[in-house]
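Structure, as structure tokens:
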Amino acid sequence: MNAPNAAGWRPAMGVAGETRSATSSGDYGLMLEEALSFELGSADKCGVDLEKTRREPASGLTRFLRKAAPALPGLTEPETVRHYTRLSRQNYAIDLGPFPLGSCTMKHNPRLNEKMARLPGFADVHPLQPQKTVEGALEVIEQLADWLITLTGMASVAMSPKAGAHGELCGLLCIRAALDARGETRDIVLVPESAHGTNPATAAFAGFKVESIPATPAGRVDVEALKAKLGPNVAGVMITNPNTCGLFEPDMHEIADAVHAAGGYVYCDGANFNAIVGKVRPGDLGVDAMHINLHKTFSTPHGGGGPGAGPVVLSEALAPFAPLPFVTRGADGCIHLVEEENRGEGHDQAFGRMVAFHGQMGMFTRALTYILSHGADGLRQVAEDAVLNANYVLRSCEDLLPAPFADSGPCMHEALFSDAGLAEGFSTLDIAKGLIDEGFHPMTVYFPLVVKGAMLVEPTETESKAGLDRFIASLRSLAERAKGGDESLHSAPYYAPRRRLDETLAARKPILVWQGNPTESGTPSLSEIGGS
Ligand SMILES: *Cc1c(COP(=O)(O)O)cnc(C)c1O
């Protein structure tokens, strides 16, 4: 096999000898290396012809005039297109192959959703347009809201939060507002050990103290331990159901009753709704607030962190505190937009706003398209197939990779394994990096924290049996290599654009800003922007 070149590339085809002319670009075959745009461009180039502005700014604004040209890279249009296309080829995507990241629900994004979202009436609306010019768009928001309420059995939904974690914040702010209205200052939120990191982070961000609830050996919330912690200072609990061990929490009723009896509220992390959509209504389980990640259950693109949507469904008890603006259908059958100035209609206790406007039209349109094209029966099948696929992976690999909770019955939509039983010195990381060489995005690793060396595999319902069989064959072969002590696995990946990174260094000393030559380009250095 050829040695990687200076940039870390290793040619996939392992040719004997050098059969290409030496270039300094780092390109090999169709595997293309790429520099930073700042290194490629120069300040005197521009992708478009811009006229020099002739208008003087209004007098009060002259102090904002730039004194020097901005330190932008300056690329032509073809250079810009190639730059981003080359970068995109170094990445992996759900459109390239399976993406079994547990908890993330990386499923296929149907193209019908894209077609609908691109209709000019949805794609080109502006949040400040007069309401009468965007009634169709508001109708989409209201119809989606209605479906989310129906599917979850809840009283109301706040549509504006932008992601799951933002929805968590919205839910906890509703809880805080409800407590304020009761004149109570409870400051503790209980969070199970297996929770996603966003849960305790959100609770802390919202000003609550976080107390952890242990898990039972069967991977569920320890109900007795939870009950023992309830009291006059507990604002509520945040419980993920199905939980992050891939298991349904069967004691949800009992938990909700106990929390309510103690004067608290139940927040449910709804990120795993994909496993139960159309089968279970969280409202029937006593939940007061739950975010729905439209990019998980309802197949909108995950989109590199945004633009996203994480609507929060609310119980009767919390609905009055939902943030504005709020799209609702009035008794007259017409859509109403509730804002600060007309906050009657059951919204006079709204805690404020999460964002400037209603939410993400593009995501709403995609999610509603997904729901309408599946119908209630289709959504139920989504959940059933997602669970079936995960159990197929679980049962196909559990003889090689220990599945800590497999004895407690079938899993929900994720299969959880541990790295116990691999040869000395081999761990989950080796399996994950090995998967990259096999052409798969790795599964979620080292999460949930309650399982040592966790591997959380979520195949989703959009993988075929043949696709699952290929993934299972790769996972099994890697497990066998790691059990057999195959040293070569320690250096995987061999065939990715970058070889194995120094994870400790990457976490401890991340270089997040290109420093270049600050005096020459005017680009701020790390120390100038407050980093270190
Ligand atoms: C994805 C996820 C979140 C956070 O949702 P975002 O939309 O990424 O902010 C929270 N909890 C769980 C269990 C998740 O899987």
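Given the options Gly362, Gly378, Gly425, name the one that is of a type in the set (Gly, Ala, Ser), out of contact with any Asp or Glu (no Cβ under 8 Å at 6 or more places or on another chain) and at pLDDT below 95.
After applying the criteria, what remains is Gly362.
Is it true that some residue in segment 333-348 is under 20 Å from Gly171 (Cα atoms) and within 12 Å of the ligand (Cβ to nearest atom)? It would help to see each step written out before you state the result.
Within segment 333-348, the first condition is being under 20 Å from Gly171 (Cα atoms), and the residues that meet it are 338-340, 343, 346-348.
Add one more test, that the residue is within 12 Å of the ligand (Cβ to nearest atom), and what stays is none.
No, the conditions are met nowhere in segment 333-348.
Answer yes or no as to whether Met354 is under 27 Å from Arg380 (Cα atoms) and within 16 Å of the ligand (Cβ to nearest atom).
On the way: under 27 Å from Arg380 (Cα atoms): no; within 16 Å of the ligand (Cβ to nearest atom): yes.
So Met354 does not fit the description; no.
Take segment 206-228 and flag every residue that is away from the ligand (no atom under 16 Å from the Cβ) and in contact with a Leu (Cβ under 6 Å, 6 or more places away or on another chain).
Correct list: Glu211 only.
When you scan segment 308-326, do you find a residue that is free of Cβ contacts under 8 Å to residues at least 40 places away in the same chain, within 16 Å of the ligand (Cβ to nearest atom) and under 22 Å from the mean Cα position of the chain (by Cα), even just one?
So far as segment 308-326 goes, no, none of its residues is free of Cβ contacts under 8 Å to residues at least 40 places away in the same chain, within 16 Å of the ligand (Cβ to nearest atom) and under 22 Å from the mean Cα position of the chain (by Cα).
Considering only segment 322-338, I want to know if a residue exists there that is touching a Cys at 6+ places or on another chain (Cβ under 9 Å), in a loop (DSSP other than H, G, I, E, B) and at pLDDT 95 or above.
Yes, some residue in segment 322-338 is touching a Cys at 6+ places or on another chain (Cβ under 9 Å), in a loop (DSSP other than H, G, I, E, B) and at pLDDT 95 or above.
Among (1) out of contact with any helix residue (DSSP H, G or I) (no Cβ under 9 Å at 6 or more places or on another chain); (2) away from the ligand (no atom under 16 Å from the Cβ), where does His302 come up short?
Result: His302 fails condition (2) only.
Among the residues that make up segment 266-277, is at least one of them at pLDDT 95 or above, more than 14 Å from the ligand (Cβ to nearest atom) and either of a type outside the set (Asp, Glu) or over 17 Å from Gly409 (Cβ atoms) (or both)?
The answer is yes; a qualifying residue exists.
Output the number of the condition that Val451 fails; it satisfies all remaining conditions of (1) more than 18 Å from Ala275 (Cα to Cα); (2) touching a helix residue (DSSP H, G or I) at 6+ places or on another chain (Cβ under 9 Å); (3) surrounded by 22 or more Cβ atoms within 10 Å (Cβ to Cβ).
(2)
Taking the condition of being over 26 Å from Asn293 (Cα atoms), surrounded by fewer than 18 Cβ atoms within 10 Å (Cβ to Cβ) and in contact (Cβ under 8 Å) with a residue 24 or more places away in the chain, how many residues in segment 183-217 meet it?
In the first step, residues of segment 183-217 are kept if they are over 26 Å from Asn293 (Cα atoms); the result is 183-187, 216-217.
Keeping just the survivors that are surrounded by fewer than 18 Cβ atoms within 10 Å (Cβ to Cβ) gives 183-185, 187, 216-217.
Within this subset, residues satisfying the condition of being in contact (Cβ under 8 Å) with a residue 24 or more places away in the chain are 184, 187.
Total satisfying the criteria: 2.
When segment 65-83 is examined, which residues are found to be assigned to a helix (DSSP H, G or I) and over 16 Å from Ser25 (Cα atoms)?
Scanning segment 65-83 gives Glu77, Pro78, Thr80, Val81.
If a residue must be over 23 Å from Phe357 (Cβ atoms) and surrounded by fewer than 22 Cβ atoms within 10 Å (Cβ to Cβ), how many such residues does segment 286-314 contain?
1
I'd like to check something: does segment 141-160 contain any residue that is touching a Phe, Trp or Tyr at 6+ places or on another chain (Cβ under 7 Å), without any contact (Cβ under 8 Å) to a residue 60 or more places away in the chain and not polar (S, T, N, Q)?
no
For segment 152-161, give me each residue that is in a loop (DSSP other than H, G, I, E, B), of a type outside the set (A, V, I, L, M, F, W, C) and away from the ligand (no atom under 11 Å from the Cβ).
Gly153, Ser160
Does Pro242 fit the bill of being of a type outside the set (A, V, I, L, M) and surrounded by fewer than 21 Cβ atoms within 10 Å (Cβ to Cβ)?
no
When you go through Ala203, Ala165, Ala181 one by one, which is the residue that is more than 16 Å from the ligand (Cβ to nearest atom) and in contact with a helix residue (DSSP H, G or I) (Cβ under 8 Å, 6 or more places away or on another chain)?
After ruling out the rest, the residue left standing is Ala181.
Please find, among Asn241, Asn272, the residue that is of a type in the set (S, T, N, Q) and touching a residue at least 60 places away in the same chain (Cβ under 8 Å).
Asn272
The values are calculated or read from the model by the stated rules, or taken from the named source; none is laboratory data. Quick caveat, the model's predicted, so the values are computed rather than measured. Using ideal geometry, Cβ is built from the backbone for each residue, glycine included, and neighbour counts are taken over all protein chains shown.
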